Amino acid sequence: MRRRSLLIALLLVGCPEPADAPDAGTDAGGSDAGAAPQDAGFDAGPAPTGCSLWTGDAGAPPSGPLPAPDEFTPPVGPGGPAATYAASELGEGCAFMPVGDSDEDHHNTGFFLDGYLVRPWAHERGRGGIAVWDFDDPCEPVLVANVLDEQIRETHATGLSNIGGRTIVVASLTGIQFWDVSDVTAPVRIHDFPLEGVRYPDAYMRTVMSTFWQAPYIYVGASDNGLYVVDATDPMSPSVVAQWFPEPLFRIGQVMAVGNLLYVFSSEGSVGAVVDIRDPGAPRAIPGGTFTITDGTIDRFDRPVPTPAYFGMVNGGYTYHPRIGITGGLAIFDVTDPTAPTFVGDFEAPQGDGGYVYLHEGVAYVGLSDYGVALDVSDPTSPSMMRRFDHTGDVDTLTPFGNVVVVSVDDDAVPGEASMVVPVREAPDARGPVVNMIVPTDGASDQPLSTRIGLTFTEFVSMNSVFEGSVILRDADGDPVPAHLSGQEGVVSLWPIGPLVPETTYTLEVPAGGVTDLNGNPTETAFSASFTTVSCD
């Protein structure tokens, strides 16, 4: 929706909440707007160690050698954008992506799976589907499948798990939905899992805003309902293992898990937080990890002036926040130290009003409602405009795929034109993905036996190429550790199937020639990082 008028209306007249709803909206302009969250001094208690999981038996290592890094099952579909464009075609829309008579022209993002572009689509009030596209020639996209569903809701992030099959999770009107995508050209909804407290009609208060599947657990950002943690080892029988609320309280929008850390972004608020999820069943605020989103302005008391943002993204050790309000933009924070997120840069976008942000090879693609921008963020302290994208409607989402961007609007679209394909580079993408962040960091010590490892890459990666031969955790003897692998939005997660061994050094490896981007370009340089587990004496 058009947020500027909504924000101004809230500032002028307020908006009463239901009697049972926590007051999570004051950070967007209420009585606390002048003060930065202060959490650096509280006692979070002892850190989880996972020692209770240790039985004294590490189990036998896998038998036989690992497959070569490139011995994964190749995608069935045609793959990522492979067309070449003339300089005169760059920045110009070349195709629209309507999805039939049921299309209410309320579009968001998408992802590649098995060589196809998959786009969950729905209005915020429900009714939509899962659309699957041939997208190797983006200016001539071909709709391969479009499975309709009454309960699917506007989805801002889609998680993937390969445990027991291949399954994705999306938002629904009452919680989350699981879809079997073993055959990506024929998605099948297999379970609609209600979450207590999730309901419509309000688009922001009680709904699911985002999901992140760090298999087997799903982290669900659910606005005033806080954060749900769902064990989805069996998608047909998921269970809620925790419901967590931030302090100070704010409305949760985007959530992204990277290793033992969860990055939590307020929805239309001015607060972000880095949360300890070493024990997924008991998320814990990190002292110093809650921060005020700002454009760098300091008040007369030397405090950052809060600036509301719509959503967020983490990549390469930085968080990115599309700002909303009287003027929009993109605020950038360094989060390499989770106890001290630090403002580093900002881009001001006149008449902008914040949406979603995605990263591709040092470029941030930001929806700003009235228009979208591509920003050079290779130097996060000084983001600069590369290109502007204009389209009719509420331009919230710019999703980069290779050398094109899909510009999507979720309100006020011309019928049949809610998503537009725009070439942005002449040649197809020829650079492979690069690891630009790992949690735990290289050299980290005293890590719990429940540790998960998270990686971010410089671009979206092909999940076909993320397998036991391309992302490997090795113990002190060099033996591979059995693990689940999952990923979304340029993040890859490795979750060891059993507890790690106390006082042991583990090494995470991403060999050259394994993980690929959507065009099949592999990693060119090997990556490795090590950490040591906690003592359980």
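Rule-based calculations on the coordinates, nothing more; no lab input. These numbers come from a predicted model, not from an experiment. With ideal geometry, Cβ positions are generated from the backbone for all residues, glycine too; neighbour counts draw on all protein chains shown.
When shorter helices are ignored and each DSSP H run of at least 4 residues is given -39500 (n - 2.57), the per-residue value for the chain at 222 nm works out to -500 deg cm²/dmol. Residue by residue, segment 113-120 carries 3J(HN,Hα) couplings of 8, 6, x, 10, 8, 10, 10, x Hz when phi is fed to the Karplus relation 6.51 cos²θ - 1.76 cosθ + 1.60 (θ = phi - 60°); x denotes Gly or Pro.
Divided by 2.2 N^0.38 Å, where N counts the residues, the Cα radius of gyration of the chain comes to 0.91. If you take the beta carbon distance between LEU143 and ASP477 as r and set R0 to 41 Å, what does 1/(1 + (r/R0)^6) give as a FRET efficiency, to the nearest 0.05? It comes out at approximately 0.20. Annotation: amide H-H contacts under 5 Å for PHE527 (H modelled 1.01 Å from N, sequence separation of 5 or more, or interchain): VAL510, ALA512. 3J(HN,Hα) couplings calculated from phi for segment 411-420 with the Karplus curve 6.51 cos²θ - 1.76 cosθ + 1.60 (θ = phi - 60°) are, in sequence order, 6, 6, 7, 5, x, x, 10, 5, 10, 10 Hz; Gly and Pro show x. In units of the compact-protein estimate 2.2 N^0.38 Å, segment 327-451 shows a Cα radius of gyration of 1.24. Taking the three principal axes of the alpha carbon atoms in segment 321-372, the coordinate ranges are 34, 26, 14 Å, sorted in descending order. From the alpha carbon centroid of segment 191-269 to that of segment 99-172 is 20 Å.
Sequence-distant contacts, meaning Cα pairs under 8 Å at least 6 residues apart, place the relative contact order of the chain at 16 percent. When Rg and the Kirkwood radius Rh are both evaluated on Cα atoms of segment 107-262, their ratio Rg/Rh stands at 0.97.
The peptide list 123-134, 90-101, 269-280, put in order of mean Cβ contacts within 10 Å with the highest first, becomes 269-280, 123-134, 90-101.
Projected onto their three principal axes, the Cα atoms of segment 265-401 cover extents of 44, 40, 27 Å, largest first. Using C-alpha pairs under 8 Å with a sequence gap of at least 6, the mean separation divided by the residue count of segment 226-378 gives a relative contact order of 14 percent.
The value given for segment 401-537 is a Kirkwood hydrodynamic radius of 16.7 Å, derived from the mean inverse Cα-Cα separation.
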